[in-house]
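Notes follow the structure.
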């Protein structure tokens, strides 16, 4: 089976399982998605949503967020890991958005990654979900699942992104990102993959390598 054929089959199976996939982060605006994504680094979406429910009610936009003190924002997100770095990055990014973009979030990779605390993956999450751009955000779930299935053969997320984008049709990029994240989060877990509950074992390199050992 070629990678293109496998991709088509994975999309069909996971597409049936997740017919309307979307990020599990709660947000109403591109700014809120940007903040939520910064907070979600090495933290669960569930925890982030608990924190942002109150945070966004009080400080819904870049201007109101930029006017917070570091101590006040730190208190708002105190249950999030790495809160000092995240609080600083959110404040600095909010101020930059107010100063450079009138409080609006830009929709290009260069502009987004110029913001404090915003790397390629975070920028792609915002570009894809908030602006509908055909870019692929590759996190640890996407990287792991793509390589286990044999859709990619790489040791880092950037190579996985490049290899997937070689075979992904533009119209499928956004949904496929969510397919792999959801599959990695709930089925193809890092430490205890639920192979017996997986619909993709018949085409999975990882599963066949384990069963042949």
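Quick note: the coordinates plus some simple rules give every number you see, no bench work behind them. Given the structure is predicted, the values throughout are model-derived calculations rather than measurements. A quick note on method: Cβ atoms are made from the backbone with ideal geometry, for glycine too, and the neighbour counts reach across all protein chains shown.
A few points about this structure:
- Each Cα pair under 8 Å and six or more residues apart adds its separation to the average, and for the chain the resulting relative contact order is 20 percent.
- Fully extended contour minus Cα-Cα distance, from residue 201 to residue 47, at 0.36 nm per residue: 52.4 nm
- Whole-angstrom gap from region 1-51 to region 126-179, using each part's C-alpha centre: 11 Å
- Residue of 120, 185, 58 that the Gaussian network model of the chain assigns the largest fluctuation, springs spanning Cα pairs under 10 Å: 58
- The residue 171 and residue 78 beta-carbon pair, evaluated with R₀ = 41 Å, returns a calculated FRET efficiency of approximately 0.50.
- Three-way shape label, region 128-193, alpha-carbon gyration tensor, a/c 1.5: oblate
- Judged by the gyration tensor of its Cα atoms, with axes a ≥ b ≥ c, region 30-131 is oblate; a/c meets the 1.5 cut and b/c is at least as large as a/b.
- Most mobile listed residue (178, 18, 124) in the chain, GNM with C-alpha springs under 10 Å: 18
- FRET E, pair residue 194, residue 8, Förster distance 22 Å, beta-carbon r, rounded to 0.05: 0.40
- Among 156, 197, 89: highest mean-square fluctuation, GNM of the chain, C-alpha pairs under 10 Å: 197
- Extension gain, residue 108 back to residue 162 (0.36 nm per residue minus Cα-Cα distance, nm): 17.6 nm
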